[in-house]
Amino acid sequence: MKQNEKPYQGLAWFATAILIIAASLASFVPEMKLHHYAFITANSLWVVVGVLWKEQTVWVLNGGLTLIYIAGLIL
């Protein structure tokens, strides 16, 4: 691990990549509804990263977003 790198940085970058894909899907093909699942996956991974990093703000924010996306699927 490099000096200024946090542990599980690869997982954080993977979650960010999924967020970018989700935003692209929501912008360019919203009728497919795949972006809901991508947002849920990405934000759930960010919750895991927040817990692993012991960063409460990260997991609280992304946990809330995950719940919003799940509610969007249900409603």
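The values are calculated or read from the model by the stated rules, or taken from the named source; none is laboratory data. All values derive from a computational prediction rather than experimental measurement. A quick note on method: Cβ atoms are made from the backbone with ideal geometry, for glycine too, and the neighbour counts reach across all protein chains shown. Accessible surface areas use protein heavy atoms only, side chains included; no ligands, DNA or RNA. Shrake-Rupley method; radii C 1.70, N 1.55, O 1.52, S 1.80 Å.
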With the full set of protein chains in place, find how many percent of the accessible area of region 1-56 is carbon and sulfur; take the probe as 1.4 Å. 66 percent
Can you run the Rg to Rh ratio on the chain? Use alpha carbon positions and the Kirkwood inverse-distance Rh. 1.04
Mean separation of Cα contacts under 8 Å (at least 6 apart) over the residue count of region 1-47, i.e. the relative contact order in percent, is 41 percent
Relative to the chain, whose Cα atoms define the longest principal axis, helix 56-74 and its Cα axis are tilted in degrees, nearest 10, by 20 degrees
Cα axis of helix 9-28 to longest principal axis of the chain: angle in degrees, 0 to 90, nearest 10? 20 degrees
What number comes out for the charge environment of residue 49, summing +1 per Lys or Arg and -1 per Asp or Glu over other residues with Cβ under 14 Å away? 0
